[in-house]
Amino acid sequence: MEIRQPIHSEHAKQLDTEGLRRHFLVDGMFQPDQATLTYSQIDRIIVGGIMPVTKPVTFAPELGRHTGTDFFLQRRELGLINIGGAARVKVDEQTFDIGAREALYVGQGARLLEFGSLDAANPAKLYFNCAPAHTAYPHKKITLAEASPETLGSPETSNRRTIHKFIVPDVLPTCQLLMGMTQLEPGSLWNTMPCHTHDRRMEVYFYFDMSENAVVFHMMGEPTQTRHIVVRNEQAVINPSWSMHAGVGTQAYTFIWGMVGENQVFKDMDHVPMTALR
């Protein structure tokens, strides 16, 4: 498990390109028959990827040593979204088949977690966020049809997109974790613009559905001190609560967003006027 320490906004102003990427970019998410985990001390979110190919990947009880607990989810909840082939996930005595662009919420207290692919030639790619939790809610699979959709933007502003809210209070109860997936329409390049911050929550963006030659310029930093990170397929960016978060690509793409923090009010945003950006 890689550990990332918090970065103050004043410190971030001094970082060069390599410094920004070292502190905020998460790469190498999917490794065959492994789970990757990056622990950010910003609201204590854990971001990772699971890619079972020839054998299942298991979260052993020993993983709890990283969180100082008897087992990994003793005091945590987890949400995942599958961007690969069909998966079979075992959570204690329950088994869930998770197809492409379907999600699974795993509540606090689950001891056994085992992740497998139904077809080794088309392995599952399970992107997950994990957050501290104070109580146990039921595990639940969420299909794309069950996600709460919202279409925003327009072709004229190059940001026509549909937000699929998989893990939000309207769909199921969680302690603090929110997750969803935003898909841009062909010809649209901007996400989350006009931009915003939300001091009550941090957010992680995970970009995918990108060709080898495509990139996204992910905008972050204070609105009057903007910075950018060049992001490629299946990379994520950690955004502190003081940071704006938006991006523009060289072609359409899809991204998964995850938030943890003080509340679960999706529209609790501090909008930034376009005239205020620097």
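The values are calculated or read from the model by the stated rules, or taken from the named source; none is laboratory data. These numbers come from a predicted model, not from an experiment. Here Cβ is always computed from backbone atoms with ideal geometry, including for glycine, and neighbour counts include all displayed protein chains.
The table that follows gives values for the structure above.
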read-out: Qualifying position, being within 23 Å of residue 38 (Cβ to Cβ) and either β-branched (Val, Ile, Thr) or at pLDDT below 95 (or both), among 228, 198, 218; value: 198
read-out: Residue in the stretch 165-177 that is in a strand (DSSP E or B) and either modelled with pLDDT under 95 or small (Gly, Ala, Ser) (or both) present; value: no
read-out: Complete set of residues in the stretch 108-130 that are under 21 Å from residue 73 (Cβ atoms) and of a type in the set (S, T, N, Q); value: 108, 129
read-out: Checking residue 210 against (1) over 18 Å from residue 273 (Cβ atoms); (2) surrounded by 24 or more Cβ atoms within 10 Å (Cβ to Cβ); (3) not acidic (Asp, Glu), the condition it does not meet; value: (2)
read-out: Filter pass, residue 193 being surrounded by 18 or more Cβ atoms within 10 Å (Cβ to Cβ), of a type outside the set (S, T, N, Q), in contact with a strand residue (DSSP E or B) (Cβ under 6 Å, 6 or more places away or on another chain) and modelled with pLDDT of 95 or more; value: no
read-out: Any hit, the stretch 132-144, residues being buried (at least 18 other Cβ atoms within 10 Å of the Cβ), in contact with a strand residue (DSSP E or B) (Cβ under 8 Å, 6 or more places away or on another chain) and closer than 30 Å to residue 221 by Cα; value: yes
read-out: Residues being in a loop (DSSP other than H, G, I, E, B), closer than 13 Å to residue 221 by Cα and either in contact with a Cys (Cβ under 6 Å, 6 or more places away or on another chain) or of a type in the set (Ser, Thr, Tyr) (or both) - total across the stretch 1-55; value: 0
read-out: Failed condition for residue 86, given (1) without any contact (Cβ under 8 Å) to a residue 40 or more places away in the chain; (2) surrounded by fewer than 16 Cβ atoms within 10 Å (Cβ to Cβ); (3) small (Gly, Ala, Ser); value: (2)
read-out: Among (1) touching a helix residue (DSSP H, G or I) at 6+ places or on another chain (Cβ under 9 Å); (2) in contact (Cβ under 8 Å) with a residue 60 or more places away in the chain, the one test that residue 47 misses; value: (1)
read-out: Where residue 75 falls short, out of the listed (1) modelled with pLDDT of 95 or more; (2) farther than 21 Å from residue 264 by Cβ; value: (2)
read-out: Tally of residues being more than 27 Å from residue 209 (Cα to Cα) and either touching a Leu at 6+ places or on another chain (Cβ under 8 Å) or of a type in the set (A, V, I, L, M, F, W, C) (or both) across the stretch 220-263; value: 3
read-out: One residue from 62, 102 being charged (D, E, K, R), in contact (Cβ under 8 Å) with a residue 40 or more places away in the chain and more than 27 Å from residue 240 (Cβ to Cβ); value: 102
read-out: In the stretch 218-273, residue surrounded by the fewest Cβ atoms within 10 Å (Cβ to Cβ) [restricted to those that are of a type in the set (D, E, K, R) and not in a strand (DSSP E or B)]; value: 267
read-out: Selection status of residue 257, closer than 23 Å to residue 48 by Cβ, modelled with pLDDT of 95 or more and of a type in the set (Phe, Trp, Tyr); value: yes
read-out: Lone unmet requirement of (1) over 24 Å from residue 39 (Cα atoms); (2) crowded, with 16+ Cβ neighbours inside 10 Å; (3) among the hydroxyl-bearing types (Ser, Thr, Tyr) for residue 151; value: (2)
read-out: Residues satisfying the stated conditions in the stretch 146-164, i.e. part of a loop (DSSP other than H, G, I, E, B) and within 15 Å of residue 103 (Cα to Cα); value: 146, 147
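Let's see how each residue does on (1) charged (D, E, K, R); (2) surrounded by 18 or more Cβ atoms within 10 Å (Cβ to Cβ); (3) over 15 Å from residue 234 (Cα atoms):
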| position | (1), (2), (3) |
| --- | --- |
| 7 | no, yes, yes |
| 16 | yes, no, yes |
| 22 | yes, no, yes |
| 28 | no, no, no |
| 31 | no, no, no |
| 37 | no, yes, no |
| 41 | no, no, yes |
| 52 | no, yes, yes |
| 61 | no, no, yes |
